[in-house]
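Once you've had a glance at the structure underneath, I'll fire off some questions.
The values are calculated or read from the model by the stated rules, or taken from the named source; none is laboratory data. Treat the numbers as computed from the prediction; the structure is a model and nothing was measured. Ideal geometry is used to build each Cβ from the backbone, glycine not excepted, and the neighbour counts take in all protein chains shown. Just the protein is used for accessible areas: all its heavy atoms, side chains included, with ligands, DNA and RNA removed. Shrake-Rupley method; radii C 1.70, N 1.55, O 1.52, S 1.80 Å.
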Amino acid sequence: MGRYIVRRLIGSLPVLFLTSVLIFGILLIAPGGPTARFQQNPRITAEQKEAFKKRWGLDQPWPIQYCRWVGVCNPEVAGNIVGVLPPPGALISQQGLPNFLPAGLGGGDNGILHLDMGFSITDGRPVSKVIGDRVLPTLVLAGTAWVLWVTIAFLTGVYAAVRRYGFFDSALTIFNYVGLSFPVFWLGIMLILVFASTLDLLPVAGMWDTRTVPPFASERWFALLGQRPDYVIIDLVRHMILPVITLVVVSIAGDSRFVRSSMLDALNQDYVRTARAKGVPERRVITKHALRNALLPVVTNLGLEIPFLFTGAIATETVFSWPGMGRAFIEATSRYDYPVLMGILVITAVLVISANLLADILYAVVDPRISYG
Amino acid sequence: MTTRLQPDAAPASLPAPGRDPEVILDVRDLRTYFHVMDGTVRAVDGVDFRIKRGGRLALVGESGCGKSVTALSIMRLIDQPPGEIASGEIWFDGRDLLSLSESEMRQVRGGEIAMIFQEPMTSLNPVLSVGDQIMEAVKLHQEVSAKEARDIATQALRDVGVPAPERRITQYPHELSGGMRQRVMIAMALSCRPKLLIADEPTTALDVTIQRQILELIKVIQERTGTALLLITHDLGVVAETVDEVVVMYAGKIMETGTVDQVLLEPRHPYSRGLLQSIPSRGRRGQPLHVIKGVVPNPFRMPAGCKFEPRCPYRWDQCKAEEPRLYDTGGGRSSRCWLYDPRFRDRMRRYELEGKDYVPPAAATELTA
Amino acid sequence: MAERVIRAGVELTPAEVEELELERPDYEVQLESLNQWQLAWRRFKRHRLAVVGSAIFLSIVAVGVLGPVLLHYDFRVIPHANQIVYAGRAPSWVSGNWDPPLLMGETARLQRDVFTLVVNGARLSLVIGVGATIISVILGALVGGFAGYFGGAVDWVLMRIVDSLLSLPLLFIILVAAQFLGSGSWFSLMLIFGAFGWLGLSRLVRSLFLSLREEDFVDAARAVGVSDIRIILRHILPNTLSPIIVAATLSVAGVIIGEAFVSFVGFGVELNQPTWGNILTNSLDFIQQGNWWWAFFPGFAIVLTVLSINFMGDGLRDALDPRARI
């Protein structure tokens, strides 16, 4: 089993590498190029421009730029071999050790590996800070939605499979069809229309009440949380309800159907017939025999769903003005702020690949055919 | 966890079913239909047979003739929405299985009647260990501790000839070969000492050499434990080796019954005759292979008269017009063919068949359907 | 001069021969011979939802084709400019004001007629959806086919590329590509969706090819000397058509929804050419002011279209299932 995990880990490395190359490609196709920000900001002096260019090696061929961006190459060392590859000296940091090591251990301090993703074109802040501010709101929203949707999809899918053709099953099928046909953003708009605007039950947008509550996860917010926890929590929940529902509804529609068909497949298997022929009570047939086998494809699918979590989050955050990474992505794209874009993409890619890896490992744990076979 | 229900105190006026201590299974006029989009399929359409305690009977026929559905109906494993056990009685050890509640039936399944299936590959749950699955059966029907269940399971594996059973018990189905898996199925079936074992094509999916072993195993165990055997198969060779009595089915109905020797050596129905003639034999080298012309009828468009009539070499208008009953042909045999109706004795005489004559029945009486 | 018929040493009279029906064929075989597609069509027709879905979808297509002809949208013209209502007038059947007659109300600010917009938007939304799918299918089938058929290094390299592209949520890539590379025309958007939509399809085609190439008919073709390309195109590919058709149908739905969002946030088609997505741009801002119709009707059009496509896709899936009988 351990060998399987190691093999999968090593197998994801080429994918990670290729993905990073693809993301890096954005730098190259970005309109206006890497020096676009200078046109917009008159306060940058000529020396600063030169230093910037040097630091990012913008006059170098792009393989070297890529290495610097990743953090494998030291930006202080100039020059190149054969016009393409970085010189060996570039791989060593100022402290004399491989550049990709953490700064505290003697490595460099540039590049993705050191969490240095450049500076935002919009306001000059480090990208890592820009993203850092936005991660938590997205986690709160997407995380809650994910837990809810997985649970509900699982329960409803299994129930619909067991009571096939029953009322619940038909209702679920209808719900599935309709839910899959809604664009996420439009569902959000409609929910706002009905519940926030017309009925005035819930807030229209945002993550907190700007009039009475400090920004989420700021010091003042925590302070208020300490003093009036119920008020702060309720405020948060009220703002979360509609976006979470939006995300959950569309996701359930896809997943519960899949759970249902997976469960139906399992229930049709011969070994279920054998279990019944042995006299196993129907309930145990479902839970012990069918469910465990039905779970296998569902679990893998969960891993593949992670990209959708991000996609759904973009639409939801945009419509509800939720201050998360998804909305940051949209804002960055519309402003051509490619460093922020690339930063978000890198984080997303890492998360997606890790999630797939975890799903594979989980699958191996649950299915004895893989681990022992 | 077995509660032996008291056999129904059947009033003396009830006929033989359930009261004959020699008979363990008595199926009477079983009809199982399937209601599907295009119509109703009469998978089992009036089937009667009896199995004695410790006896061995085979249901023989082509695919689709209803033999598997008969077995599943006995176990009440038919999905009732599309399927329906429309009528009939299934007397097992003094009780009509069709009148039992679901929880009573569940105790019968596995504990008193056990069933093994055709595909050992897929009939075992791949995510549970072999021992786990056997112990599940044991614990359902016997009041034993976990340790005792484990011992019983190990012993059951040993009984079916699985080497090193203590090790095998923790293994998963995919680690075993096909023959081994079928042995596990048999061990699982017999671990609770059932009175009747139903084997649905137990060797069809196995290699020929393994087939022999498994059949031998079934016979030996069955004799040793006194379990009755209902064997479902399309393979006449298997029938010859394993059972005493034969019931030939076609299109949901019984075509012929008798002992193995009677039916296989001297078939008294055109269908059985056709089946036996189709077996290639060394004696007929160089001659064209005999086939039963035609195909099994479309279940939605069954012939109105005798179901076998379109393919029968001996048919005449009577066969098309009306369906024959099951006629007693003497010596405990029966045949569903107009040729055995006393009215048509002359016709029998006119049919001279290659090498074998029809034996005119000594006294042809009707078995009322 | 009838032949003498002898059975087991006994000569039968003509009457007996007649009775035994020895001369006639045993029975008439009546078989309908239908090819795969005719069978599928039959099964499709029986699927009520699919038929309904197809009807709805075809109507929408008709609207898309004829609508712009009958109700031409010119972005330079502001209809009903006689009265300025900043938040846009409500549909006539809500406000009771049938002068001017408004089926779906007006947008805010520029007061465009929503009905005209929706009718005109159908065309581009559908074209982008179908066009992008066609591109994706061709690319995906090619790449997946090659990877699946040749296997080995070719497969490994191609699939690593696909995997890495798939590590990023598709919408992310499309948004960036649309904004950075797109020109605001429907054509470039269609190309972008097509250029990135083939990834999922290639995986599907690859797994199909992987299993099909083990089939005996491939060996048989090779044994006769058929070249690899011909085997791929003429032998294996036709067998993969069914799942591809189903996947393509669902892809159209996906692209329509995707394009809607990309245009909604402003990265897609420019506002002078309406699509259901870009009609919705900014509509959210005016909901508070009471204008619900602007956001509702275009979105509803999307839902209706996608729903009908999903019905059709389901029907196709059942109809083309190779394991189905009858």
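Which of the residues belonging to the stretch C:87-111 are out of contact with any Phe, Trp or Tyr (no Cβ under 6 Å at 6 or more places or on another chain), closer than 19 Å to residue C:283 by Cβ and open to solvent by 70 Å² or more (accessible area, probe 1.4 Å)?
Passing the criteria: C:94, C:109, C:110.
Would you mind telling me which numbered condition in (1) open to solvent by 70 Å² or more (accessible area, probe 1.4 Å); (2) over 24 Å from residue B:265 (Cα atoms) residue B:284 fails?
Going through the list (1) open to solvent by 70 Å² or more (accessible area, probe 1.4 Å); (2) over 24 Å from residue B:265 (Cα atoms), residue B:284 breaks only (2).
Per-residue answers, yes or no, for (1) in contact with a Gly (Cβ under 9 Å, 6 or more places away or on another chain); (2) among the basic types (Lys, Arg); (3) part of a loop (DSSP other than H, G, I, E, B); (4) at pLDDT below 85:
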residue	(1), (2), (3), (4)
C:258	yes, no, no, no
C:302	yes, no, no, no
C:316	no, no, no, no
C:321	no, no, yes, yes
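Here is a follow-up. Across the stretch B:305-321, what is the total count of residues that are open to solvent by less than 90 Å² (accessible area, probe 1.4 Å), more than 10 Å from every other protein chain (Cβ to nearest Cβ) and either assigned to a loop (DSSP other than H, G, I, E, B) or without any contact (Cβ under 8 Å) to a residue 24 or more places away in the chain (or both)? Quick ask: steps written out before the conclusion?
Residues of the stretch B:305-321 that are open to solvent by less than 90 Å² (accessible area, probe 1.4 Å), as a first pass: B:305-316, B:318-319, B:321.
After this cut, where a residue has to be more than 10 Å from every other protein chain (Cβ to nearest Cβ) as well, the list is B:305-308, B:318-319, B:321.
Going one step further and asking which of them are either assigned to a loop (DSSP other than H, G, I, E, B) or without any contact (Cβ under 8 Å) to a residue 24 or more places away in the chain (or both), we end up with B:305-308, B:319, B:321.
The number of residues fulfilling the criteria is 6.
Let me ask another. Tell me which residues, restricted to the stretch A:117-145, are over 15 Å from residue A:344 (Cα atoms) and assigned to a helix (DSSP H, G or I).
Selection gives A:140, A:141, A:142, A:143, A:144, A:145.
Using the structure shown, decide if residue C:262 is more than 23 Å from residue C:91 (Cα to Cα), touching a residue at least 40 places away in the same chain (Cβ under 8 Å) and either among the acidic types (Asp, Glu) or open to solvent by less than 30 Å² (accessible area, probe 1.4 Å) (or both). Give the steps one after another, and end with the answer.
Details: more than 23 Å from residue C:91 (Cα to Cα): yes; touching a residue at least 40 places away in the same chain (Cβ under 8 Å): yes; either among the acidic types (Asp, Glu) or open to solvent by less than 30 Å² (accessible area, probe 1.4 Å) (or both): yes.
The answer is yes for residue C:262.
Also, I was wondering about something else. Would you mention how many residues in the stretch C:267-285 are free of Cβ contacts under 8 Å to residues at least 40 places away in the same chain and either closer than 30 Å to residue C:44 by Cβ or of a type in the set (A, V, I, L, M, F, W, C) (or both)?
Result for the stretch C:267-285: 2.
Here's a check for you: in the stretch A:263-319, which residue that is away from chain B (no Cβ under 14 Å) and of a type in the set (Ser, Thr, Tyr) is surrounded by the most Cβ atoms within 10 Å (Cβ to Cβ)? Before the answer, list the steps.
Just the residues of the stretch A:263-319 that are away from chain B (no Cβ under 14 Å), to begin with: A:263, A:300-319.
Within this subset, residues satisfying the condition of being of a type in the set (Ser, Thr, Tyr) are A:300, A:311, A:316, A:318.
Numbers: A:300: 17, A:311: 21, A:316: 28, A:318: 22.
The qualifying residue surrounded by the most Cβ atoms within 10 Å (Cβ to Cβ) is A:316.
Now for a different question. Assuming residue C:308 fulfils every condition listed in (1) at pLDDT 85 or above; (2) open to solvent by 20 Å² or more (accessible area, probe 1.4 Å) apart from one, which condition is it?
(2)
If we scan the stretch B:22-35, do we find a residue that is surrounded by fewer than 20 Cβ atoms within 10 Å (Cβ to Cβ) and either within 14 Å of chain A (Cβ to nearest Cβ) or among the β-branched types (Val, Ile, Thr) (or both)?
yes
Answer yes if at least one residue in the stretch A:7-24 is under 27 Å from the mean Cα position of the chain (by Cα), open to solvent by less than 80 Å² (accessible area, probe 1.4 Å), modelled with pLDDT under 80 and within 14 Å of chain C (Cβ to nearest Cβ), and no otherwise. If you could, list the steps in order and put the result at the bottom.
Of all residues in the stretch A:7-24, those under 27 Å from the mean Cα position of the chain (by Cα) come to A:7-24.
Applying the additional criterion that residues be open to solvent by less than 80 Å² (accessible area, probe 1.4 Å) yields A:8, A:11-12, A:14-16, A:18-24.
Then drop every residue that is not modelled with pLDDT under 80, which leaves none.
No, the stretch A:7-24 has no match at all.
Yes or no: the stretch A:215-229 includes at least one residue that is open to solvent by 80 Å² or more (accessible area, probe 1.4 Å), under 30 Å from residue C:292 (Cα atoms) and at pLDDT below 90. Spell out the reasoning first.
Within the stretch A:215-229, the subset open to solvent by 80 Å² or more (accessible area, probe 1.4 Å) is A:219-220, A:222, A:227-228.
With the extra rule that they be under 30 Å from residue C:292 (Cα atoms), the set shrinks to none.
No, the stretch A:215-229 has no match at all.
Check whether at least one residue in the stretch C:227-247 is at pLDDT 85 or above, within 14 Å of chain A (Cβ to nearest Cβ) and buried (at least 18 other Cβ atoms within 10 Å of the Cβ), and report yes or no.
no
Mind telling me which of the residues B:150, B:158, B:168 ends up being more than 13 Å from every other protein chain (Cβ to nearest Cβ), surrounded by fewer than 16 Cβ atoms within 10 Å (Cβ to Cβ) and more than 19 Å from residue B:198 (Cα to Cα)? Explain how you work it out, then say what you get.
Working: B:150 fails: surrounded by fewer than 16 Cβ atoms within 10 Å (Cβ to Cβ); B:168 fails: surrounded by fewer than 16 Cβ atoms within 10 Å (Cβ to Cβ).
Going through B:150, B:158, B:168 in turn, just one is more than 13 Å from every other protein chain (Cβ to nearest Cβ), surrounded by fewer than 16 Cβ atoms within 10 Å (Cβ to Cβ) and more than 19 Å from residue B:198 (Cα to Cα): B:158.
Restrict the check to the stretch A:104-116 and report whether at least one residue is modelled with pLDDT of 75 or more, more than 27 Å from residue A:359 (Cβ to Cβ) and assigned to a helix (DSSP H, G or I).
yes
Just to be sure I understand the filter: pairs with C-beta atoms under 8 Å, separated by 6 or more residues or on different chains, first member in the stretch C:303-320 and more than 11 Å from every other protein chain (Cβ to nearest Cβ) and among the acidic types (Asp, Glu), second member in a helix (DSSP H, G or I) and open to solvent by 30 Å² or more (accessible area, probe 1.4 Å). Which pairs pass?
C:318/C:43
Please go through the stretch B:100-133 and pick out each residue that is hydrophobic (A, V, I, L, M, F, W, C), facing chain A (nearest Cβ under 8 Å) and assigned to a helix (DSSP H, G or I).
Looking only at the stretch B:100-133, we keep the residues that are hydrophobic (A, V, I, L, M, F, W, C), and these are B:100, B:105, B:108, B:113-117, B:121, B:124, B:127-128, B:130.
Add one more test, that the residue is facing chain A (nearest Cβ under 8 Å), and what stays is B:108, B:114-115, B:117, B:124, B:127-128.
Listed by number, the list holds a single entry, B:108.
Would you check if residue A:135 is in contact with a strand residue (DSSP E or B) (Cβ under 7 Å, 6 or more places away or on another chain), in contact (Cβ under 8 Å) with a residue 24 or more places away in the chain and among the β-branched types (Val, Ile, Thr)? Don't jump to the end; show me each part of the working.
Values: in contact with a strand residue (DSSP E or B) (Cβ under 7 Å, 6 or more places away or on another chain): no; in contact (Cβ under 8 Å) with a residue 24 or more places away in the chain: yes; among the β-branched types (Val, Ile, Thr): yes.
No.
Same structure again: Hey, among the residues in the stretch B:1-58 that are in contact with a helix residue (DSSP H, G or I) (Cβ under 6 Å, 6 or more places away or on another chain) and not aliphatic (A, V, I, L, M), which one's modelled with the highest pLDDT?
By that ranking, first place goes to B:32.
Would you confirm whether any residue within the stretch A:328-341 is surrounded by 21 or more Cβ atoms within 10 Å (Cβ to Cβ) and touching a Lys or Arg at 6+ places or on another chain (Cβ under 8 Å)?
Within the stretch A:328-341, one or more residues are surrounded by 21 or more Cβ atoms within 10 Å (Cβ to Cβ) and touching a Lys or Arg at 6+ places or on another chain (Cβ under 8 Å).
Then there's this: I'd like to know if the stretch C:171-183 contains one or more residues that are away from every other protein chain (no Cβ under 14 Å), within 19 Å of residue C:139 (Cα to Cα), touching a residue at least 40 places away in the same chain (Cβ under 8 Å) and crowded, with 22+ Cβ neighbours inside 10 Å.
Scanning the stretch C:171-183, I find no residue that is away from every other protein chain (no Cβ under 14 Å), within 19 Å of residue C:139 (Cα to Cα), touching a residue at least 40 places away in the same chain (Cβ under 8 Å) and crowded, with 22+ Cβ neighbours inside 10 Å, so the answer is no.
Do you know which of the residues in the stretch A:325-373 that are charged (D, E, K, R) and closer than 29 Å to residue A:114 by Cβ is farthest from the other protein chains (Cβ to nearest Cβ)? Quick ask: steps written out before the conclusion?
If we filter the stretch A:325-373 for residues that are charged (D, E, K, R), which is where we start, we get A:327, A:331, A:335, A:337, A:360, A:367, A:369.
Still in the running and closer than 29 Å to residue A:114 by Cβ: A:327, A:331, A:335, A:337, A:360.
Working: A:327: 10, A:331: 10, A:335: 10, A:337: 11, A:360: 12 Å.
If we take residues in the stretch A:325-373 being charged (D, E, K, R) and closer than 29 Å to residue A:114 by Cβ, then A:360 is farthest from the other protein chains (Cβ to nearest Cβ).
Can you tell me which of (1) in a helix (DSSP H, G or I); (2) at the interface with chain A (Cβ under 7 Å from one of its Cβ atoms); (3) without any contact (Cβ under 8 Å) to a residue 60 or more places away in the chain is the one residue C:288 doesn't meet?
Residue C:288 satisfies all of (1) in a helix (DSSP H, G or I); (2) at the interface with chain A (Cβ under 7 Å from one of its Cβ atoms); (3) without any contact (Cβ under 8 Å) to a residue 60 or more places away in the chain except (1).
Taking the residues in the stretch C:40-72 that are among the small types (Gly, Ala, Ser) and surrounded by fewer than 17 Cβ atoms within 10 Å (Cβ to Cβ) as candidates, determine which candidate is farthest from residue A:177 (Cα to Cα). I'd like the intermediate steps shown before the answer.
Applying the first criterion (among the small types (Gly, Ala, Ser)) to the stretch C:40-72 yields C:40, C:50, C:53-55, C:59, C:62, C:64, C:67.
Right, trim to surrounded by fewer than 17 Cβ atoms within 10 Å (Cβ to Cβ) and you get C:55, C:59, C:62.
Values: C:55: 17, C:59: 20, C:62: 23 Å.
Taking the candidates together, the pick is C:62.
Could you check the stretch A:245-262 and list, in sequence order, the residues that are of a type in the set (D, E, K, R) and either at positive phi or surrounded by 22 or more Cβ atoms within 10 Å (Cβ to Cβ) (or both)? Please lay out each step first, then the result.
Initial filter on the stretch A:245-262 (of a type in the set (D, E, K, R)): A:255, A:257, A:260.
If the condition is that a residue be of a type in the set (D, E, K, R) and either at positive phi or surrounded by 22 or more Cβ atoms within 10 Å (Cβ to Cβ) (or both), then A:255, A:260 are the ones that fit.
Sticking with this one: Can you pull out every residue in the stretch B:134-151 that is outside any loop (DSSP other than H, G, I, E, B) and more than 28 Å from the chain's Cα centre (by Cα)? Give the steps one after another, and end with the answer.
So the first thing to find is which residues in the stretch B:134-151 are outside any loop (DSSP other than H, G, I, E, B), and the list is B:134-141, B:146-151.
B:146, B:147, B:148, B:149, B:150, B:151, listed by residue number.
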